[in-house]
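*Asks:* Below you'll find the structure I mean.
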Amino acid sequence: MTLKYDLVIFDWDGTVMDSTGRIVSCMHLAAEDLALPSLPDQTVRDIIGLGLPEAIATLYPVLNAADIERMRDRYAFHFVEAESTPSALYPGAEDVLTLLREQELKLAVATGKSRKGLQRVWGNTGLDRYFHSSRCADESRSKPEPHMVLELLEEMAVPAERAIVVGDTTFDLEMARNAGVDRVAVSYGAHPVERLLPCEPLAVIDKLNDLLPLLAADDLVMEKP
């Protein structure tokens, strides 16, 4: 089957895994540990997708580097504790990953998580078996900088026009646009659709299964699982 793309790059939290609520609650707990003022849930959701130090600095710009590191440690503590029960995948996510691998597409992840955090999730779920590669915020530049995408393109020898990014935040979509890569937004994650549309995604989808026809050549449709 002829496809438009060779590589699909997924964001993780809010795109594949339903973890946005857990991220928000753990950020609140970390702020409480440092006696910082509580922020609205949506304010915290707005920073999901950034690397953790960048996210904390955005939420609490008065913090110095040492305090950012302290809050980072407290957030990690609460998140690891909560992840003793792994967050659920979004409906149909694993079926879609299975089908894409069967189509011999290359799959990758570009995430605001740390490498340690992503490896912990993959160790708990076994989902690493679907992906050829990944980039994390602590080993590259934080979104919306294009570096994670550019590094994945170079590693897998895929030209920008043959890759597509799938994400739930403006940071994901701007990262893709800055790398010259097509992008698809999901409507169910951290950022509302009205914020995603100015990033000019090819489409906004309500479930991952809706991604499949967008990957097929114009005159072909991939069978949904």
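The values are calculated or read from the model by the stated rules, or taken from the named source; none is laboratory data. None of the values given here were measured: they were computed from a predicted structure. When we count neighbours, we look across all protein chains shown, and the Cβ atoms used for this are built from the backbone with ideal geometry, even at glycine. Keep in mind that these areas ignore ligands, DNA and RNA; they rest on the heavy atoms of the full protein, side chains included. Shrake-Rupley method; radii C 1.70, N 1.55, O 1.52, S 1.80 Å.
*Asks:* Yes or no: region 92-111 includes at least one residue that is open to solvent by 30 Å² or more (accessible area, probe 1.4 Å) and touching a Gly at 6+ places or on another chain (Cβ under 8 Å).
*Replies:* Applying the first criterion (open to solvent by 30 Å² or more (accessible area, probe 1.4 Å)) to region 92-111 yields 94-95, 98, 101-104, 106.
This time we only want the ones that are touching a Gly at 6+ places or on another chain (Cβ under 8 Å), so: none.
No, because not a single residue in region 92-111 is open to solvent by 30 Å² or more (accessible area, probe 1.4 Å) and touching a Gly at 6+ places or on another chain (Cβ under 8 Å).
*Asks:* Also: Would you pick out the residues in region 15-68 that are surrounded by fewer than 20 Cβ atoms within 10 Å (Cβ to Cβ) and charged (D, E, K, R)?
*Replies:* Asp18, Arg22, Glu32, Asp33, Asp41, Glu54, Asp67 - these are the residues of region 15-68 that are surrounded by fewer than 20 Cβ atoms within 10 Å (Cβ to Cβ) and charged (D, E, K, R).
*Asks:* Let me ask you something else. Determine which single condition Glu194 fails, assuming it passes every other condition in (1) in contact with a helix residue (DSSP H, G or I) (Cβ under 6 Å, 6 or more places away or on another chain); (2) part of a helix (DSSP H, G or I).
*Replies:* (1)
*Asks:* Consider Val193 against the criteria (1) open to solvent by less than 30 Å² (accessible area, probe 1.4 Å); (2) aliphatic (A, V, I, L, M); (3) farther than 21 Å from Leu3 by Cβ: it satisfies all of them except one. Which criterion is unmet?
*Replies:* (1)
*Asks:* Quickly run through region 146-187 and pick out the residues that are of a type in the set (Asp, Glu) and open to solvent by less than 20 Å² (accessible area, probe 1.4 Å).
*Replies:* Step one: list which residues in region 146-187 are of a type in the set (Asp, Glu), which gives 151, 154-155, 161, 168, 172, 174, 182.
Asp168, Asp172 - these are the residues of region 146-187 that are of a type in the set (Asp, Glu) and open to solvent by less than 20 Å² (accessible area, probe 1.4 Å).
*Asks:* Could you count how many residues in region 123-133 are outside any loop (DSSP other than H, G, I, E, B), of a type outside the set (S, T, N, Q) and open to solvent by 20 Å² or more (accessible area, probe 1.4 Å)? It would help to see each step written out before you state the result.
*Replies:* Taking region 123-133 first, the residues outside any loop (DSSP other than H, G, I, E, B) are 123-125, 127-130, 133.
After this cut, where a residue has to be of a type outside the set (S, T, N, Q) as well, the list is 123, 127-130.
If we keep only those that are open to solvent by 20 Å² or more (accessible area, probe 1.4 Å) as well, we get 123, 128-130.
Residues flagged as outside any loop (DSSP other than H, G, I, E, B), of a type outside the set (S, T, N, Q) and open to solvent by 20 Å² or more (accessible area, probe 1.4 Å) within region 123-133 amount to 4.
*Asks:* Sticking with this one: Could you please find all residues in region 138-157 being out of contact with any helix residue (DSSP H, G or I) (no Cβ under 7 Å at 6 or more places or on another chain) and assigned to a helix (DSSP H, G or I)?
*Replies:* Those that are out of contact with any helix residue (DSSP H, G or I) (no Cβ under 7 Å at 6 or more places or on another chain) and assigned to a helix (DSSP H, G or I): His147, Leu150, Glu151, Leu152, Glu154, Glu155, Met156.
*Asks:* Can Ser87 be described as touching a residue at least 60 places away in the same chain (Cβ under 8 Å) and either part of a loop (DSSP other than H, G, I, E, B) or open to solvent by 40 Å² or more (accessible area, probe 1.4 Å) (or both)?
*Replies:* Yes, satisfied.
*Asks:* Name the pairs: first residue in region 32-59 and at positive phi and touching a residue at least 40 places away in the same chain (Cβ under 8 Å), second residue open to solvent by less than 40 Å² (accessible area, probe 1.4 Å) and of a type in the set (A, V, I, L, M, F, W, C), Cβ to Cβ under 8 Å, at least 6 apart or on different chains?
*Replies:* Filtered contacts from region 32-59: Gly49/Phe171; Gly49/Ala190.
*Asks:* Under 6 Å between Cβ atoms, at least 6 apart or on separate chains: pull out the pairs that start in region 166-181 with a residue that is part of a loop (DSSP other than H, G, I, E, B) and end on any residue that is of a type in the set (Gly, Ala, Ser).
*Replies:* Once the first residue is part of a loop (DSSP other than H, G, I, E, B) and sits in region 166-181, its partners that are of a type in the set (Gly, Ala, Ser) give Asp168/Gly14; Asp168/Gly189; Asp168/Ala190; Thr169/Gly49; Thr169/Ala190; Gly180/Ala160; Val181/Ala160; Val181/Ala163.
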